[in-house]
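> Got a structure here, written out as structure tokens. Questions coming.
The values are calculated or read from the model by the stated rules, or taken from the named source; none is laboratory data. It should be emphasised that the depicted structure is a prediction, and the values quoted were computed from it without experimental measurement. Heads up, the Cβs are rebuilt from the backbone with ideal geometry, glycines too, and the neighbour counts pull from every protein chain shown.
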Amino acid sequence: MSVKRPVLKPKTNVAALIFIVLFALAFVFGIALLVFGKTPYQNRGVVLYTVKNTQQLKERLSLYSPLNSYFFAIEPYLLKSLPRDFAHLDAKQRKELFIKAMLPIAFTVKAQFDREHELFIKLKEKLDNNQPLSEADKKLLAYGLRKFRCKTINELIKKSGSIPVSLLIAQAGIESGWGSSRFAIYYNNVYGIHKKHPRPGDIVRRFSSLYDATVCYMLNLDRSPAYKRLREARYRMGRYPNPYKLAEYLTLYSTRRGVYVRLVQRIISSNNLAKFDKLYPSTFVAENPKGLALE
């Protein structure tokens with residue numbers, strides 16, 4: 001006669017469970033270090049990542065499509081700074097990699113400025129229809145007037161907004177030598193933006209990230225008196241302004257004046273950058289839940 005042995009139920013080992021969870025987290029953290037170079041961190045509704053060299057940047061960009069975050073509502077991952085060895089790449093490879101790295105930044109900043117513009121338009125509609133503004137509306141209006149240095153809602157509508165991605169990428173490429181300049185690599189200044197009060201030998205602004213530099217660039221075009229005609233042309237063209245036409249109003253961006261304008265137009269054309277303006281998802285502007293492009 002066989003004797004049945006009692007079946008012992010294993011006791012839950014809490015310590016072992018904690019160890020497994022910690023090990024899994026460490027593994028994920030290790031993968032993040034391998035892919036990103038350093039741990040990504042939050043910055044104004046976006047996630048910035050760093051890389052140690054161009055090889056890590058290539059690996060990171062090979063896994064990421066700049067449009068995926070918009071079509072699938074995934075929070076965008078943006079390159080914080082160009083790696084120090086970026087300038088050592090050959091010209092063709094450097095240009096291709098620069099465009100890939102800057103596209104997510106361009107799309108993100110454009111979407112944030114467009115979102116603000118849409119909110120200001122809704123405020124104007126309320127005012128035009130004599131509808132009372134809520135406290136949130138009043139705060140938004142005060143914020144917009146202060147940020148874009150306006151006195152009226154009509155002026156705010158013309159000043160706020162973005163520019164085509166193709167124009168942004170073209171100017172960043174020209175001003176930074178496609179990411180090869182010292183100011184681009186060490187200052188994150190890919191737009192040749194000068195300080196308001198420069199000192200001898202120290203005239204170029206430093207930015208904590210490429211994202212911050214892009215916000216400043218867009219804000220400069222929106223606020224500076226030098227680009228009033230550009231803003232008026234953008235307003236007349238509507239939601240999808242022509243980048244070649246807008247470039248005609250950049251004569252004061254460079255001392256080369258008309259030569260600079262033609263260079264911007266040629267860069268857009270020769271690199272087929274206008275295709276990114278067509279890819280820009282229009283529905284994202286209205287649905288974007290991320291933070292505003294705060295100054």
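> Only residues that are within 25 Å of T50 (Cα to Cα) and exposed (fewer than 14 other Cβ atoms within 10 Å of the Cβ): list them for region 195-231, please.
Step one: filter region 195-231 for residues within 25 Å of T50 (Cα to Cα), giving 204-219.
S208, the sole residue that qualifies.
> Got a sec? Which of I99, I105 is surrounded by 12 or more Cβ atoms within 10 Å (Cβ to Cβ), assigned to a helix (DSSP H, G or I) and at pLDDT 95 or above?
When all the criteria are applied, what remains is I99.
> Condition test on L156, is it at pLDDT 95 or above and buried (at least 20 other Cβ atoms within 10 Å of the Cβ)? Please lay out each step first, then the result.
Values: at pLDDT 95 or above: yes; buried (at least 20 other Cβ atoms within 10 Å of the Cβ): yes.
Yes: the conditions hold for L156.
> Which pairs do you get when a residue that is closer than 19 Å to E232 by Cβ and without any contact (Cβ under 8 Å) to a residue 12 or more places away in the chain, found in region 247-267, comes within reach of a residue that is of a type in the set (K, R) and surrounded by fewer than 19 Cβ atoms within 10 Å (Cβ to Cβ), reach meaning Cβ atoms under 7 angstrom, with the pair 6+ apart or on two chains?
T251/R257
> Select from region 134-153 the residues that are in a loop (DSSP other than H, G, I, E, B), of a type outside the set (D, E, K, R) and surrounded by 12 or more Cβ atoms within 10 Å (Cβ to Cβ) and list them in ascending order.
Going residue by residue through region 134-153, those that are in a loop (DSSP other than H, G, I, E, B) are 134, 148-152.
If we keep only those that are of a type outside the set (D, E, K, R) as well, we get 134, 148, 150, 152.
Across region 134-153, the qualifying residues are F148, C150.
> Yes or no: region 162-176 includes at least one residue that is within 19 Å of L127 (Cα to Cα), part of a loop (DSSP other than H, G, I, E, B) and of a type in the set (G, A, S).
Step one: filter region 162-176 for residues within 19 Å of L127 (Cα to Cα), giving none.
No, the conditions are met nowhere in region 162-176.
> Of the conditions (1) in a loop (DSSP other than H, G, I, E, B); (2) aliphatic (A, V, I, L, M); (3) more than 25 Å from R84 (Cβ to Cβ), L230 fails just one. Which one is it?
Condition (1) is where L230 drops out.
> Mind checking which residues of region 181-194 are in a helix (DSSP H, G or I) and either among the hydrophobic types (A, V, I, L, M, F, W, C) or crowded, with 21+ Cβ neighbours inside 10 Å (or both)? Working first, answer last.
Step one: filter region 181-194 for residues in a helix (DSSP H, G or I), giving 182-187.
Across region 181-194, the qualifying residues are F183, A184, I185.
> Shifting gears a bit: Answer yes if at least one residue in region 285-292 is surrounded by 14 or more Cβ atoms within 10 Å (Cβ to Cβ), in a helix (DSSP H, G or I) and at pLDDT below 95, and no otherwise.
First pass over region 285-292, keeping only residues surrounded by 14 or more Cβ atoms within 10 Å (Cβ to Cβ): 285, 288, 290, 292.
So of that shortlist, the ones also in a helix (DSSP H, G or I) come out as 285.
With at pLDDT below 95 added as a condition, the list becomes 285.
Taking every residue of region 285-292 in turn, at least one turns out to be surrounded by 14 or more Cβ atoms within 10 Å (Cβ to Cβ), in a helix (DSSP H, G or I) and at pLDDT below 95.
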